[in-house]
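Only one structure is covered here, and it is reproduced in the block below.
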Ligand code: SF4
């Protein structure tokens, strides 16, 4: 049972001056703190937040109920900026059905013309906002984590996240809608590598070809 609470955040766009996202992104944006998908390898709980022990990861989520209003307030930062949406939570975990914070944050972002948004998720619920995603055109891309071809392995490491089959369906739907997508295979969990490549290659041909060339397997 996930313990969900509502909080009022002090700010919502976090500047990226150092760390793995700096250089490529100016800000991260997370409408929720915590994540009910409960991946056992998740790096987020390793960063102490003063409220929750890392062993509780997956059991709590805080909905930043003022996130859309904060974006409105911080709108001068948005124009021309590069934003990574969902660096420390899954923005389309199931609580999004109740709060629609990710949807409302995207609506605000659309108003203030960012240069680039990468939205990262494992969840088919993002399809409920497909019209909104399309309205960004090339400005917005969606990253989907597909870490194994085995549903059993996925259940072991990502117990509450949507199945691999649903994520592949999501990938296909986004591609059909003309939305730019990429597949994240990190961390690569135990898998049958060729089968995994075959599953995603209809949608991520370019990068796979590039990786094959790097490893000499043309
Ligand atoms: S979906 Fe992402 S943020 Fe959520 S638990 Fe898994 S790795 Fe962590």
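I want to verify the translational diffusion coefficient of the chain in µm²/s; compute it with Stokes-Einstein, Rh as the Kirkwood radius over Cα pairs, at 4 °C and 1.567 mPa s. Before the final figure, lay out each step's value.
Working: Rh = 18.0 Å.
Calculated translational D: 72 µm²/s.
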**Prompt:** Roughly what would the spin-label model give for residue 18 and residue 166, points 7 Å off Cα along C-beta, in nm?
**Reply:** 3.8
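Run the numbers on the stretch 49-134 and let me know its relative contact order in percent, using alpha-carbon pairs under 8 Å that are six or more apart. Display every interim value, and only then the final one.
On the way: 74 pairs, mean separation 32.2, N = 86.
Dividing the mean separation by the residue count of the stretch 49-134 yields 37 percent.
For the stretch 1-122, what value does the Rg/Rh ratio take when both radii are computed over Cα atoms and Rh is the Kirkwood radius, given to two decimals?
On the way: Rg = 13.9 Å, Rh = 14.7 Å.
Using Cα coordinates only, the ratio equals 0.95.
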**On Cα atoms only, tilt of 164-176 relative to the major axis of the chain in degrees** = 80
**Request:** Over the chain, calculate the relative contact order: mean separation of alpha carbon pairs under 8 Å at least 6 apart, over the residue count, as a percent.
**Result:** 18
**Request:** Starting from the Cα of residue 100, move 7 Å in the Cα-to-Cβ direction to define the label point; list residues of the stretch 13-52 whose amide nitrogen is under 20 Å from there.
**Result:** 30-33
**Complete:** Helix 205-214 sits off the longest principal axis of the Cα atoms of the chain, rounded to the nearest 10 on a 0 to 90 degree scale, by 60
**Item:** Degrees, to the nearest 10: 101-111 long Cα axis against longest axis of the chain
**Value:** 80
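Bear in mind that the values in this text are calculations on the coordinates, not laboratory data. A quick note: this is a predicted structure, and the numbers were derived from the prediction, not measured. As a convention, Cβ positions derive from the backbone with ideal geometry for all residues, glycine included, and neighbour counts pool all protein chains shown.
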